[in-house]
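**Student:** Quick one: structure below, then a few questions.
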Amino acid sequence: IYKPYPITYQAIRFNMIFSFRRRRASRGGNDEGNSDLELTIPSHFRCPISLDLMKDPVTLSTGITYDRESIERWIEAGNGTCPVTNQVLSHFDQIPNHAIRKMIQDWCVENRSHGIERIPTPRIPVSSYDVSQICSRIMAATQRGDDKKCRELVGKIKNWAKESDRNKKCIAENGAGCYLSESFETFSSISIQKHEGLLEDILSALTWVFPLGQEGLSKLGSTPSLRCMVWFLKSEDLSTRQNAVLALKELLSQDERPVNGLIEIEGVAEALFKIVKVPICPTATKASLMVIYYLVSSKATSDDQKITSQFVELGLVSLILEILVDAEKSICEKSLGVLNGICSSNEGREKAHSHALTIPVLVKKLLRVSEMATEFSVSILWKLCKGDNEGHLLVEALQVGAFQKVLVVLQVGCGEKTKGKATELLKMMNQYKDRSDCFDLDFMYVKRPY
């Protein structure tokens with residue numbers, strides 16, 4: 001049964017024409033000779049879904065031709081039928097329709113005088129079989145220790161990825177990350193300096209093949225791989241440093257086990273701190289903050305606070321507070337998360353306690369950035385104030401309006417942990433309300449959205 005594709009707003013465009021104006025100057029020099037030349041795109045050159053001129057026509061099992069990009073989006077949305085005939089697709093193979101594509105290209109050439117550009121001949125997209133074959137060859141070259149061949153194959157994968165997002169997705173979904181991780185570990189174990197070029201190429205590919213499977217995570221989280229990534233973190237090349245920190249961020253977001261090994265590597269704190277202090281780009285800054293967050297908030301760090309002490313000595317507390325003054329939402333949340341982790345240590349709290357910006361900045365971020373930022377801010381204030389025996393911080397917090405804001409945090413609702421800390425904070429501040437000149441209940445923040 002033939003069922004036409006549902007008429008939508010795009011269907012209105014089906015009968016539209018492309019108008020191209022050619023200005024003809026009359027002998028008298030006026031514009032009276034101007035005319036409009038109307039050019040209609042043949043209907044069989046249009047994709048039935050997008051109604052645009054097809055650039056890469058492919059035919060489904062039902063015999064209907066579509067533009068590849070449009071029909072892929074249709075199938076990826078979970079549809080298993082042909083949009084035009086509504087027949088159930090027996091398979092999802094998309095066969096390139098070279099005849100239609102050649103006709104479209106010839107039509108474009110014939111009408112180039114009207115402003116039509118010839119569509120380029122599309123590249124054949126990568127298949128699962130192609131990815132499987134090249135991964136097997138990478139594995140074989142890795143086992144032989146063949147740096148040159150391995151680099152050639154990794155370069156081919158990167159070129160495929162550059163051609164289209166579809167290729168990149170296909171490569172990632174077919175397990176390329178696991179093979180690349182194993183190759184990265186193997187050559188890192190042999191010699192980082194000797195195989196620097198290959199390892200750099202693999203690392204740049206690893207940044208977009210996540211998530212990795214368990215085997216890939218174990219390979220990338222091994223000591224040789226971690227040492228190699230830290231080695232690249234110290235590189236003078238900005239793109240290499242960015243790739244290294246992005247790979248570390250993705251790794252630790254999936255698996256916290258490598259944290260212990262990363263903490264033991266010399267120079268990791270300095271390298272991460274440098275990326276935050278001397279930004280490469282916002283993406284690298286956010287990734288570096290996330291890696292630092294994983295390091296200072298890990299369960300392993302709670303017993304051994306060596307890495308936190310290193311960050312404190314480097315001046316990370318002061319740097320974070322300066323960043324927080326006017327940081328955008330995402331960086332603000334990550335910075336507060338890092339500061340919260342650092343303030344779990346005595347050294348971190350002492351450093352934050354002594355900085356003039358600490359209390360004003362934290363109170364300012366309450367209810368102004370996001371729910372996450374508010375929770376981190378309450379947690380940091382609670383950690384700092386619960387050890388304030390003389391009440392100096394509590395009085396300062398009162399003076400900058402902390403009592404009112406924390407009270408509103410409870411009023412608008414928060415998590416149980418945050419609720420407990422906020423309640424305790426209010427009790428502590430209430431003891432010093434007589435020492436504050438600015439203690440005035442102002443509910444201007446009630447029901448204010450994040």
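The values are calculated or read from the model by the stated rules, or taken from the named source; none is laboratory data. This is a predicted model, so every value here is computed, not measured. Positions of Cβ are generated from backbone atoms using ideal geometry, with glycine treated the same way; all protein chains shown enter the neighbour counts. Note: accessible area is taken over every heavy atom of the protein model, side chains too, but ligands, DNA and RNA are not part of it. Shrake-Rupley method; radii C 1.70, N 1.55, O 1.52, S 1.80 Å.
**Student:** Among the residues that make up the stretch 214-224, is at least one of them out of contact with any Phe, Trp or Tyr (no Cβ under 7 Å at 6 or more places or on another chain), acidic (D, E), part of a helix (DSSP H, G or I) and open to solvent by 30 Å² or more (accessible area, probe 1.4 Å)?
**Tutor:** Checked against the condition, which is being out of contact with any Phe, Trp or Tyr (no Cβ under 7 Å at 6 or more places or on another chain), acidic (D, E), part of a helix (DSSP H, G or I) and open to solvent by 30 Å² or more (accessible area, probe 1.4 Å), the stretch 214-224 yields at least one hit.
The rows are residues; the columns are (1) at pLDDT 90 or above; (2) part of a helix (DSSP H, G or I); (3) exposed (fewer than 11 other Cβ atoms within 10 Å of the Cβ); (4) of a type outside the set (D, E, K, R).
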{"position": "T85", "(1), (2), (3), (4)": "yes, no, no, yes"}
{"position": "H91", "(1), (2), (3), (4)": "no, no, yes, yes"}
{"position": "R101", "(1), (2), (3), (4)": "yes, yes, no, no"}
{"position": "D106", "(1), (2), (3), (4)": "yes, yes, no, no"}
{"position": "E117", "(1), (2), (3), (4)": "no, no, yes, no"}
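**Student:** For the stretch 357-375, enumerate the residues that are among the β-branched types (V, I, T) and in contact (Cβ under 8 Å) with a residue 60 or more places away in the chain. Walk me through it before giving the result.
**Tutor:** Taking the stretch 357-375 first, the residues among the β-branched types (V, I, T) are 358-359, 361, 363, 369, 374.
Across the stretch 357-375, the qualifying residues are V369, T374.
**Student:** Tally up the residues in the stretch 225-248 that are in a helix (DSSP H, G or I) and open to solvent by 70 Å² or more (accessible area, probe 1.4 Å), please. Talk me through it step by step, then tell me what you get.
**Tutor:** Within the stretch 225-248, the first condition is being in a helix (DSSP H, G or I), and the residues that meet it are 225-233, 238-248.
Now restrict to residues that are open to solvent by 70 Å² or more (accessible area, probe 1.4 Å): 227, 231, 238.
Qualifying residue count for the region: 3.
**Student:** May I pose another question? Pairs needed: first member in the stretch 329-356, within 20 Å of L272 (Cβ to Cβ) and touching a residue at least 12 places away in the same chain (Cβ under 8 Å); second member anywhere, polar (S, T, N, Q) and open to solvent by 30 Å² or more (accessible area, probe 1.4 Å); C-beta distance under 6 Å; at least 6 residues apart or different chains.
**Tutor:** Partner pairs satisfying both residue conditions: G341/S297; S345/Q305.
**Student:** So which residues in the stretch 173-190 are open to solvent by 30 Å² or more (accessible area, probe 1.4 Å) and either part of a helix (DSSP H, G or I) or of a type in the set (S, T, Y) (or both)?
**Tutor:** E173, C178, Y179, E182, E185, T186, S189, I190
**Student:** In the stretch 358-394, which residues are basic (K, R) and open to solvent by 40 Å² or more (accessible area, probe 1.4 Å)?
**Tutor:** Just the residues of the stretch 358-394 that are basic (K, R), to begin with: 364-365, 368, 383, 386.
Result: K364, R368, K386.
**Student:** Taking the stretch 255-287, which residues are over 24 Å from E236 (Cβ atoms), open to solvent by 70 Å² or more (accessible area, probe 1.4 Å) and assigned to a helix (DSSP H, G or I)?
**Tutor:** Going residue by residue through the stretch 255-287, those that are over 24 Å from E236 (Cβ atoms) are 255-261, 263-264.
From what's left, open to solvent by 70 Å² or more (accessible area, probe 1.4 Å): 256-257, 260, 264.
Matches in the stretch 255-287: N260 only.
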